[in-house]
Each structure stands twice: as structure tokens, then as C-alpha cells.
1. Which one is most open to solvent (accessible area, probe 1.4 Å) among residues in the stretch 219-250 that are in contact with a helix residue (DSSP H, G or I) (Cβ under 8 Å, 6 or more places away or on another chain), more than 19 Å from ARG156 (Cα to Cα) and aliphatic (A, V, I, L, M)?
2. Tell me the residue from THR298, THR271, THR343, THR287 that is open to solvent by 20 Å² or more (accessible area, probe 1.4 Å) and touching a helix residue (DSSP H, G or I) at 6+ places or on another chain (Cβ under 6 Å), please.
3. For VAL215, state whether it is in contact with a His (Cβ under 6 Å, 6 or more places away or on another chain) and either open to solvent by less than 40 Å² (accessible area, probe 1.4 Å) or of a type in the set (A, V, I, L, M, F, W, C) (or both).
4. With respect to HIS180, determine if the residue is open to solvent by 30 Å² or more (accessible area, probe 1.4 Å) and within 25 Å of PRO418 (Cβ to Cβ).
5. Find the residue count for the stretch 402-428, including only residues that are part of a helix (DSSP H, G or I), among the acidic types (Asp, Glu) and open to solvent by 10 Å² or more (accessible area, probe 1.4 Å).
6. Would you be able to say whether some residue in the stretch 372-391 is touching a Leu at 6+ places or on another chain (Cβ under 6 Å), within 22 Å of MET264 (Cβ to Cβ) and open to solvent by 20 Å² or more (accessible area, probe 1.4 Å)?
7. Where in the stretch 112-175 are there helices (runs of 4 or more DSSP H), lying fully within it, with 2 or more residues that are of a type in the set (Gly, Ala, Ser) and open to solvent by less than 10 Å² (accessible area, probe 1.4 Å)?
8. Report yes if ALA322 is at pLDDT 95 or above, among the hydrophobic types (A, V, I, L, M, F, W, C) and under 16 Å from LYS282 (Cα atoms), otherwise no.
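The values are calculated or read from the model by the stated rules, or taken from the named source; none is laboratory data. Being a predicted model, the structure only gives us computed values, none of them experimental. Neighbour counts are summed over all protein chains in view; Cβ atoms, including those assigned to glycine, are modelled from backbone coordinates with ideal geometry. These area figures cover heavy atoms from the full protein model, side chains too; ligands, DNA and RNA do not enter into them. Shrake-Rupley method; radii C 1.70, N 1.55, O 1.52, S 1.80 Å.
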Amino acid sequence: MACLSTSGRVACGSRSHKLICRLFLNHSPHSRQSSSQLLTGDTTAGHPREYRATPNQQLARSFHGLTLGINQDYLNLLQTSHSCSQPPNLRSHSSVHTQQPAGPVREIQIDPYIILDDELKYFYDDVRDLLQSGTSQPELDTIACYYFDGQGKALRPMVTMLMAKALNYHLNNESHQLVHKQRQIALFSEMVHSASLVHDDVIDQSDFRRGKPSVNALWNHKKVTMAGDYILSIASIMISRLRSDDVTIVLSQILTDLVQGEFMQLGSRETENERFAHYLTKTYRKTASLIANALKATAVIAQADDNVAEVAFQYGRNIGLAFQLVDDMLDFVSSTEQMGKPTAADLKLGLATAPVLFACEKYPELNPMVMRRFSEPGDVERAFELVHKSHGLEQTRFLAKKHCNEAIRLAQELTESPYQKGLQVVADLVINRMK
């Protein structure tokens, strides 16, 4: 199993780019006749890349210890795109653990963490080095580094680097200098995410995260808040050194959206008709914007055209929305041990997420509970019961699948490569994750 160890390294063997491509192309449906025949991968420049497979490259690929397939209903692509400039507001619209899905299995099996081993194996070490180099205050360093222990999902840096490598292959530009810059963007995405967790722990007064006491439970609020600010400042300095105004503007939008999303969550008093649009907009700003804009930034730094940058953005937006929808669903069905944090946490915080909003259609008695933020005795327990009695969880999963379907369609617009296939596998990881 390829997973992040406590040292921050990915515990899997390194693969060179050429070997990855050979393994991928050798299992491609376009090259079934013979393992020794010439294999060709197209590029946008019109010049084919040639690889000659050898028998020892015909290796069976495992996906975190299981055979991963993508369900047939993924092929029914739904969902239309939104403009980069507008957050979604329509109802219709690492170690990442998975369960084995039912349905037909794709012929090519790609493990994103393995093919990105070179980019991810020292990822958390590098984050900690950045944070340690910026301060002479030991306690600040300890708090800032607390969540960079390699125990997170590492989804954001993984998807960012997967898109970066897929774009580079698509653009026929795979220079080490470019990949290094894109990796800085991946570092930024994880640092901003972790800073937001630190701030969330203060706002929500949580005591438990990722299977251990939260920073909020170990240090006082003032120090924790400042540590979150410190992480953001170091991440911003790192990005400024890329000397790209366009990238800085794109990534700055993430911070703007995070703050606005948090304010939407804190001050929610919308009417019944406005709730779902409000929820999706808030979800975009708090979760999906980070992934969408990080992926867009990898395209911008690679000097991709606007259409390609839009593909990267929309892929990230859909993956981000699906991820949060599944997260909101798991809050009702997973155990505390699986999630690494208390379940039914959103209800206890007074938040009405997708499963509750769907359940309101069948059980209108939930509406006054939503308006008073489940503040009266028995509200949380009754709402939890009604969600399970309704089809709210199934409807939430269906909406998440729609976003995963759209993400797959967008990934297929890029030139076929192991990384492009990996982007499609990520959609299956997201919809089938258990934590």
C-alpha cells in the first residue's frame, strides 16, 4: 500500500517518468496486440512519442492493495460547466482510503500516489523545513508543524501534481524547472488547507482531528490563531518567489474565498428556497476553490492557453465539490474511529449540510430545526434520525457522482497519459472513500 508515513514520506518505490509511460501504454487498449510492438503516445504538437515495451514491464498494478474499478454509471456524464469567475450556485449542477466498488474494472490501473512518488515522498519534510526556517520561536514551529505529520489524506497536493504532470504531457513541456514551480503550488495548497484547519479548530472549538487532540485542545486560542496566520505567511512568501503575477492573483483568490465561505457559514439564515444555493456556494468557497485554483495555477505557470486552464479549473471545482459532498455524507455514516474526528459534528455545530437539506423535502419538520441551528434539546438526535429515514444520503451521493462524472469528462480532454488516467482514478477515490 502506498501511503504517507509519519515521517511524511510516501512508502512506495520510485518510478521514473519513462517507466511509468511504458507501463501505462503497455496496458493501454490501443496496444493489445503484442507487448513488444511499438507504442505511441500522441502530443498536441503532432509529434508522436515512442516507447518500446519489454516483457519485464508487463507488471500488474495494484491500487493501494486492491483492484480498483470505476462503476458503469460514471460513463453517464452529467453536469455542465460554470465560468471560472462564478462560484457554483445551482442545485443541479494521503492516504485516501477506498472500498472496493462493484461493476466493471478498467483495464488500466493507476495508483496516483505511486506515479507521483518523486514529487510526494519528501513533501511533508519540505513543508516542515519551510516553517522551521522562518522562525526562531520553538513553540510557534511546533504548533505550525502539528498537522504536517504525514497523517492527512494529501489529496490536494496529489491532485495538484497529477494535473500538473498531465498538463505538462499535454503541452509537451516536461522540464524539471516547470515541475519544481508546480510543486511549489502543491505545497501552497496543502499549507493553506492546514492553516484553515488550524483556524477552524479555534472557530469550532473542536477537541479532536485526524485521530489525535486538535491544536485547539493543546494550546491557547491566541497562539493557535497566530500559528495559522504564520503558515499562510510562509506559503505566501514561497509563492511570491515564483515571480508570476498571474499565479499570485489566482492563488490569492483561494484566500478570499476561504474567508467569505467561513462568513457564509457563520451567518447563515437563508430561507428554504435559498438554502441549497447558499450551501453549494459556501462549499465551493470553503473547499472547492482551493483545489480548482491550485490546479488552474499549475496551468498558468505552464503557460497553457485559457481553454486548458479552464479545464484544469473546472476539474478541480468538480472534484472539490464531490469531495465535500462525500465528507458531509460520511458525517452521518462513518464512525469516529474511521473519520478521525467526531461524527454528526456538523449538526452539533448547527450546520445543515446536503443530507439534511435533501431530507427536508420529505420531513418538513426539519426546517425550523435548521433555522434555529439545531439548538434545542433533542434537535441533533431527531435530525440525525430523519436524515437516515429519508433518501438524503443517497441523494447526496448521487450529486457527488455527478460532479465526479464531470471531472472524468474534463480529464479526458487532455492527451492520454498515466497522469491523465490518474485524474480519472481520483474521481473514483473521492466517491468511494470511507474517511
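1. Checked the stretch 219-250; the qualifying residue most open to solvent (accessible area, probe 1.4 Å) is MET226.
2. From the options THR298, THR271, THR343, THR287, the qualifying one is THR343.
3. no
4. Yes: the conditions hold for HIS180.
5. 0
6. Yes, the stretch 372-391 contains at least one residue that is touching a Leu at 6+ places or on another chain (Cβ under 6 Å), within 22 Å of MET264 (Cβ to Cβ) and open to solvent by 20 Å² or more (accessible area, probe 1.4 Å).
7. 155-171
8. Yes: the conditions hold for ALA322.
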